[in-house]
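Reviewing the structure listed below.
The values are calculated or read from the model by the stated rules, or taken from the named source; none is laboratory data. On a predicted model such as this, the values are computed, not experimentally measured, just so you know. Neighbour counts run over all protein chains shown; Cβ positions are idealised from the backbone, glycine included.
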Amino acid sequence: MESKHRSEKGASSQSAQLCAEREVDVVGLWEGLREQATEISAEEPGLQSLLAEVVLEQPCLGSALGMRLARKLAREDMTCEELSPLLMGVLLEHPALVRSAAFDMSAIVDRDPACSTALEPLLYYKGFLAITTYRISHFLWHNKRRPLALYFQSLASEVFGVDIHPAAQIGCGILLDHATSFVVGETAIIEDDVSILHEVTLGGTGKDCGARHPVVRTGVLIGAGAKILGLVEIGQGAKIGAGSVVLKDVPPHSTVAGVPAEIVGKSQEENPARAMIQSLDCEASLEASSL
């Protein structure tokens, strides 16, 4: 049934770009994090304990990610002491997960003008921490540990206000800005280099099984509060206006807005996700139509 649905909508007409091979200097990123943590620790005594446990006492980025998540996700039913070896073990044994997190950190620094260093997402950005939690739960989901994967999904929803099903497929270089109330359904696909603001939903419609959630291609920018529902495809380099409700496919490099969303222009940037310009490009569309 799943392959039939994909064929009917054309959502799998090309293979998904999920963590495509690119260069990321994980070691260099980690060394920079340690330098920043050392400077802040000397300047701000109140953060010394956090910086020591999460960064300065850790040997690498993978262990730092595991410790930070353990501190954030700890509960009575699973303490930090229980979580930290579990999370660190998964990350250290599977460097691809750390590499994906490094891409996400770099994307945040590049695209978010409020972020000045890669240390900030690690310590403070719940969008980054929620995506990293999803990456671990996704790994567990596909390695016969589904109850634990669902447990981490539940924790991320409770702690970060972000609900991503472990079976969803999400690429690298993701900016989840502000993150609150971000929801992703089981069969959704988000390719590399996508930027998403808060209160966005990638949801299904009805109760059919099989593929029933959106496919978001690379370079897409999704504005705050947008709802994309059903098995629709958001084409490469498209832009979704804030508050829009998208119920049908969006062509590549198009800008849509409204309820229900309609095409209002063509995205002027080759990669809207990186440019982060949220204007709707309506004037450019009107000028082109008058020629």
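Can you say whether ASP112 is at pLDDT 95 or above, touching a strand residue (DSSP E or B) at 6+ places or on another chain (Cβ under 7 Å), under 19 Å from ILE170 (Cβ atoms) and surrounded by 14 or more Cβ atoms within 10 Å (Cβ to Cβ), as far as the supplied structure shows? Yes; evaluated as a whole, the condition is true for this residue.
Restrict the check to the range 253-271 and report whether at least one residue is assigned to a loop (DSSP other than H, G, I, E, B), closer than 24 Å to SER15 by Cα and among the hydrophobic types (A, V, I, L, M, F, W, C).
Kept after step one, since they are assigned to a loop (DSSP other than H, G, I, E, B), are these residues of the range 253-271: 253, 258-261, 267-271.
Imposing the further condition that a residue be closer than 24 Å to SER15 by Cα reduces the set to 253, 267, 269-271.
Among the residues that remain, those that are also among the hydrophobic types (A, V, I, L, M, F, W, C) are: none.
No, that holds for no residue.
Assessment of the range 176-185 against the conditions (surrounded by fewer than 21 Cβ atoms within 10 Å (Cβ to Cβ), under 16 Å from the mean Cα position of the chain (by Cα), among the β-branched types (Val, Ile, Thr) and not in a loop (DSSP other than H, G, I, E, B)) yields at least one matching residue. If I ask for residues that are modelled with pLDDT under 95, on the phi < 0 side of the Ramachandran plot and either not in a loop (DSSP other than H, G, I, E, B) or not small (Gly, Ala, Ser) (or both), which ones from the range 6-56 would you list? Scanning the range 6-56 gives ARG6, SER7, GLU8, LYS9, GLN14, GLN17, LEU18, GLU21, ARG22, GLU23, VAL24, ASP25. In the range 22-53, how many residues are touching a residue at least 12 places away in the same chain (Cβ under 8 Å), surrounded by 14 or more Cβ atoms within 10 Å (Cβ to Cβ) and of a type in the set (S, T, N, Q)? Residues meeting the conditions: 2. Residues that are farther than 16 Å from ILE174 by Cα and under 17 Å from the mean Cα position of the chain (by Cα) within the range 194-213 comprise GLY203, HIS213, listed in sequence order.
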